[in-house]
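Chemist: A single structure is presented below for examination.
We did not get these values from a lab; they are worked out from the coordinates using the rules stated. This is a predicted model, so every value here is computed, not measured. Here the Cβ positions follow ideal geometry from the backbone for every residue, glycine too, while neighbour counts run over all protein chains shown.
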Amino acid sequence: MHLPAIILPVLLGAATAVPTLDTRQRQERDVEMLYLFGIPGISSSGNNVNFIGRGTPGDCQNFPSFVKGFTQANPIDGFTCTLYFENNCRGSALTIGPVNPFRASEERKGGKDPVIESWKCSRIKKNP
């Protein structure tokens, strides 16, 4: 009988029509969420971005070793970010959003810029 030959294409067509959770999660990887400015040792002119924080929203990211500090951090529109003073999103933290970016000069204590080691950004929930 040819029933399996008819059912199999129908099932395959239905399975590919709706994205799975895994597909949605893959689409959320490598999302631009955070801009850093004023990283020591990286030349830039004007307001050029020195680093773009990419990843999966909600996941903790450690800054790469070349980020030894920065003068300003801005979340990309639609995100709020938490900056942590220790690796792996631990320790004291600052939360920044579109209207309250991080500026090292405002957080300076004892004449030193704060050392921020890791970050995590999440999408801002839209009101219905």
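Chemist: Can you put PHE85, PHE70 in order of Cβ neighbours within 10 angstrom, beginning with the fewest? If you can, show how the numbers build up before the last one.
Modeler: Details: PHE85 14, PHE70 23.
Lowest count first: PHE85, PHE70.
Chemist: Can you pull the semi-axes for the range 29-123, root of five times each eigenvalue of the Cα gyration tensor, sorted largest first, whole Å? Spell out each step's value before the answer.
Modeler: Values: eigenvalues 68, 49, 34 Å².
One finds semi-axes of 18, 16, 13 Å for the range 29-123.
Chemist: Which of GLU32, GLU117 comes first, and how do the rest follow, when ranked by fewest Cβ neighbours within 10 Å?
Modeler: Details: GLU32 13, GLU117 16.
Going from least to most buried by this count: GLU32, GLU117.
Chemist: Here's a follow-up. To make sure I understand, if each residue's beta carbon is the centre and we count other beta carbons within 10 Å, what order do ILE76, ILE96 fall in, fewest to most? Present the calculation step by step, with values, prior to reporting the outcome.
Modeler: Numbers: ILE76 15, ILE96 21.
Result, fewest neighbours first: ILE76, ILE96.
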